[in-house]
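I have a structure here, written as structure tokens, and I will follow up with some questions on it.
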Amino acid sequence: MTLLHPQSRPPSRRIYILSPLLGFLFVYLFFYIETPLHVSSTIATTSSQEPPCPPLPGIEDVLVVLKTGVTEALDKVPVHFQTTLRCIPNAVLFSDYDEVIAGVPAQDVLRSVNESIKRTNPDFNLYNRLRASGRNGLSQNDVSRVPNSPFGMPDNPGWKLDKWKFLPMIDEALQVRDDAKWYVFMEADTYYIWPNLLQWLAQLDPDRPYYLGNQMQIADVIFGHGGSGFVLSREAMHRASKLRARDLDAWDRFTSEQWAGDCVLGKLLHDAGAPLLWSWPMLQSNTPAEFDHFADGYSRKAWCYPPVAYHHVTGDDIRELDKFDQGFFQKKEENSVMLHGDVFRHLVQPHLIPLQDDWDNFSEEEQVVGSLTECKALCIGKPDCLQYSFSTDKCRTSKGVKRGIGRTGVTSGWITGRIDAVAQELGSCETPRWITL
């Protein structure tokens, strides 16, 4: 992976070294003397331990942008250098703080935001403490987990700051490389299946204003959900940059009034003539364990569509997906496509058993029964019920199927015969279903 950086970038006023190792300092200095940085050998234990990179036709025309923040970067970012980004030739790491993470420079994507806003807007309290004191300026409140809500995490300082990154990162990405055909955006809990993505993009024209994303809506703005990953064509990037440049103050005011940065970007792209191409279930907001592979949505059944990106992935999820991803495509012919049905058969179905303690399969329909036995009997009595869960006195059933996660005190069960029958009925897909105009 070659980490690129804007050629116009000025030296930082403060250098904060995460490790005393001279190798990290060497990498950091290299970055600031305007030299592109190749980091594969730096982040791997030994290069011989890395499996060979698969053929990725078209990846040279892509710039990958990983957006993160100081409160999560050290925990969530390094795993991507060994997995998701290992075979990507052109990538950049944007954050809210200049530092080196596992030998890779993270760039302050907020450097160009109006200084008056930084001084006066409380969203920048965390940012200003970082500029003054580095990581020593972090407080326990900055890194504490807070519950998510329908309006995000307004009590989380890093989350409030994050909304300001979406518009500046368009221009920052263009400074890194303004001639890429495609700009692929991800967060630290996003995982891409690159062969699927590249085969999708090969069917699209980068000189058209494409904006590919998992559709969300706030008020009258339809936008691509940031964590699900989104993709912009070269034309969409340049249109958005030019429109924002006409009135930076107006777009800053609009950002300050909103609570979601991906919504702000969606508004900019719409106004620039790049409306969203609704891309569920290829880009979607769940992990394979939380996704219902039998689901219908927006007049689409997920089964025969290729998954391109997953969201909310942990480090363990990323390693599991990377191992499966590599194994799947190594066994297939060139230009093979992984479908949601394949993910279900290999990563979900083998884990579905009649009963599992301390496990939550995310069944959602509450039922009024008082025991596990009654809950199971209720599900069996409903011909379309495929799974159930029970915790204390709460029974839940579901017509969908999810692998789920470990959760103490919850018992989950699956009606495996019915599930096998549905999977067999869905069968093999003669051709993948792609989302195109």
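The values are calculated or read from the model by the stated rules, or taken from the named source; none is laboratory data. Note that the structure is predicted; figures quoted are calculated from it, not measured. All Cβ positions, even for glycine, are placed from backbone atoms using ideal geometry, and neighbour counts span all protein chains on display. For the accessible areas, the whole protein counts, side chains as well, though only heavy atoms, and no ligand, DNA or RNA atoms are used. Shrake-Rupley method; radii C 1.70, N 1.55, O 1.52, S 1.80 Å.
Accessible area per residue, 1.4 Å probe, Å², for the chain: what's the number?
On a per-residue basis, the chain sits at 45 Å².
Still on this structure, I have one more. Could I have the simple spin-label model distance between Ala202 and Asp358, label points 7 Å from Cα toward Cβ, reported in nm to one decimal?
It works out to 4.6 nm between the two label points.
How much accessible surface area, in Å² rounded to 10, belongs to the heavy atoms of Arg407 with a 1.4 Å probe?
That residue has around 100 Å² of solvent-accessible surface.
Roughly speaking, to the nearest percent, how much of the range 301-426's 1.4 Å accessible area is carbon and sulfur?
Carbon plus sulfur share of accessible area: 49 percent.
Oh, and also: With each run of n ≥ 4 DSSP H residues scored as -39500 (n - 2.57), what mean residue ellipticity at 222 nm is computed for the chain after dividing by its residue count and rounding to the nearest 500 deg cm²/dmol?
Only helices count here, giving -9000 deg cm²/dmol.
For the range 301-426, treating each Cα as an identical point scatterer without solvent, what Debye log10 I(q)/I(0) comes out at q = 0.11, 0.18, 0.23 1/Å?
-0.44, -1.00, -1.33
Ok, one more. As I understand it, the value is the acute angle between the Cα axis of helix 234-246 and the longest principal axis of the Cα atoms of the chain; what does it come to in degrees, rounded to 10?
Between the helix axis and the principal axis of the chain, the angle is about 50 degrees.
Between helix 315-330 and the chain, what is the angle of the helix's C-alpha long axis to the longest principal axis, kept within 0 to 90° and rounded to the nearest 10?
Helix 315-330 and the main axis of the chain meet at about 80 degrees.
I'd like the isolated cysteines in the chain, meaning no second cysteine's beta-carbon lies under 4.7 angstrom from theirs.
Lone cysteines by the Cβ rule: Cys263.
What is the magnitude of the charge dipole of the chain about its Cα centre, with +1 placed on the Cβ of each Lys and Arg, -1 on the Cβ of each Asp and Glu, and no other charges, expressed in debye to the nearest 20?
Computed charge dipole of the chain: roughly 500 debye.
Among Ala377, Ala91, Ala309, whose mean-square fluctuation peaks in a Gaussian network model of the chain (Cα, cutoff 10 Å)?
Highest fluctuation of the listed residues: Ala377.
Next question, about the same structure. Under a straight-distance cross-link criterion of Cα-Cα below 26 Å, which lysines are reachable from Lys399, leaving out those fewer than 8 residues away in the same chain?
Those lysines meeting the cut-off are Lys301, Lys376, Lys382.
Sticking with this one: I need the chymotrypsin sites (Phe, Trp or Tyr not before Pro) found in the range 294-347, filtered to DSSP loop residues with at most 13 other beta carbons within 10 Å of theirs.
Tyr298
Longer than 18 Å from Cα to Cα, which of Lys160/Lys242; Lys118/Lys163; Lys242/Lys267; Lys76/Lys402 are they? Say none if no pair is.
Lys160/Lys242; Lys76/Lys402
In degrees, nearest 10, range 0 to 90: what is the angle between the Cα axis of helix 248-257 and the longest Cα principal axis of the chain?
It works out to around 40 degrees.
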